[in-house]
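What follows is one structure encoded as structure tokens, with my remarks underneath.
The values are calculated or read from the model by the stated rules, or taken from the named source; none is laboratory data. As the structure is a computational prediction, the values presented were derived from the model and not from experiment. Here Cβ is always computed from backbone atoms with ideal geometry, including for glycine, and neighbour counts include all displayed protein chains. For the accessible areas, the whole protein counts, side chains as well, though only heavy atoms, and no ligand, DNA or RNA atoms are used. Shrake-Rupley method; radii C 1.70, N 1.55, O 1.52, S 1.80 Å.
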Amino acid sequence: MPELPEVEGLAAALRERLEGRVVAEVALASFSALKTVDVLPQSLHGRPVDDVRRYGKLLDLVVDGTHVVVHLMRAGWVTWHDEVPRTRLRPGGKSPVAVRITLDDGSGMDLYEAGTRKGMAVYLADDPGTLEALTTLGPDAVSLRPPLESPPLVGVDTTTGEVGVTASTTPEERVAFWVEALEGRRTQIKRVLRDQSVVSGIGNGWSDEILHTARLSPFVLAATLEAEEVGRLAEAVHEVLVGAAERAVGRAPADLKDGKRGGMRVHGRTGEECPVCGDVVREVTYADSSLQYCATCQTGGQVLADRSTSKFVK
């Protein structure tokens, strides 16, 4: 699932490619993906692209003041075409493409979703503040500001070409935020990190990496964390997500997924060696997902069997 760093990188890549372009056509192949009816896709034809933004894990293409907000969900992504395929999309067909946007120079992009379980959501609105998908989001996981008010996380210096953080916070601000966010939550910390109403942008993959960096069990109850542990968590969220976003910005859309996997130490690496301590990376499997962790680094050596029979460990 695309998370904050990958969507940040995708927004930066599309912003560069869409600058100065005009929408020639929007072709909708999946009617189920379109979640709004007040603004029609064809109303974007002939209008210039203003910007590309990110809200949590959602992407926003701003076309002449109208917002095309996309939740890519688990298996969605964007394919960029220097020249859009001539083959016409057939609504209801077998193609994984949900929406195709063609620009005035013949380039464009496909919003597609792999697999049979379709969950991609596309919202068109003149005011993004009217979309429940955005108003229910918690603060951005890095800027700690409401997503609609959060600037791009990472920018490129036009003089040096260096990538740098533009939406930073102080360690004190980060700790204060997480102290308040975790207070009274008798929920496993892994679930809290993934709860988009608490903080937006973190999914299954980067939550594993954050907890490994913070040396915390994914099963520990959020409200039981001690002050020093909250401090480790606050810094791990910032360090992991900012580092991943810096690596993502500047990559082509097609390279971002592989870049995500390459930057991970435990997630998706079951059976491999932990790069910190040398222990084996272990896995807990759920009905439709899994998590990975290092017992030596995170649980005092205790192996977590599964969520129903294992005890959480601080």
Residue (of S207, S143, Q188) at the positive-pole extreme of the stretch 81-226, dipole from beta-carbon charges: Q188
Quick check: the angle from helix 171-182's long axis to the longest principal axis of the chain, C-alpha only, nearest 10 degrees? 80 degrees
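What FRET efficiency comes out for A176 versus S32 if R0 is 41 angstrom and r is the Cβ-Cβ distance? Round to the nearest 0.05.
Details: r = 42 Å, r/R0 = 1.02.
Efficiency computed from Cβ-Cβ geometry: 0.45.
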Rounded to 10°, Cα long-axis angle of helix 4-18 versus longest principal axis of the chain: 20 degrees
Computed label-point distance, nm, for sites E226 and M73 using a 7 Å Cα→Cβ extension: 4.4 nm
What order do C274, C297 take when sorted by accessible area (1.4 Å probe), most exposed first? C297, C274
Once you mark the GluC sites (Glu not before Pro) that are in a DSSP loop and have at most 13 other Cβ atoms within 10 Å, what is the longest gap between them in the chain? 84-161
Under the Debye formula (equal points on every Cα, no solvent term), log10 I(q)/I(0) of the chain at q = 0.09, 0.13 Å⁻¹: -0.48, -0.95
With the other protein chains left in place, how much accessible area per residue, in square angstrom, belongs to the chain at a 1.4 angstrom probe? 46 Å²
What accessible area, in Å² to the nearest ten, does a 1.4 Å probe give for L40? 90 Å²
Can you list the HN-Hα couplings for the stretch 278-292, worked out from phi with the Karplus curve (6.51, -1.76, 1.60; θ = phi - 60°), rounded to whole Hz and with x for Gly and Pro? x, 5, 7, 6, 10, 9, 10, 9, 10, 4, 10, 7, 8, 10, 10
Could you sort T299, T79 by accessible area so the largest value comes first, with the probe set to 1.4 Å? T79, T299
Test item: Cα-centred dipole of the chain, Lys/Arg +1 and Asp/Glu -1 on Cβ, debye: 1260 debye
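Quick check: at a probe of 1.4 Å, how many percent of the accessible area of the chain sits on carbon and sulfur atoms? Don't skip to the end; give the middle numbers.
Values: 6970 of 14400 Å².
Its accessible area is 48 percent carbon and sulfur atoms.
Past the 21 Å Cα-Cα mark, which pairs from K35/K57; K57/K94; K35/K190; K57/K190; K94/K257; K118/K190?
K57/K94; K35/K190; K94/K257; K118/K190
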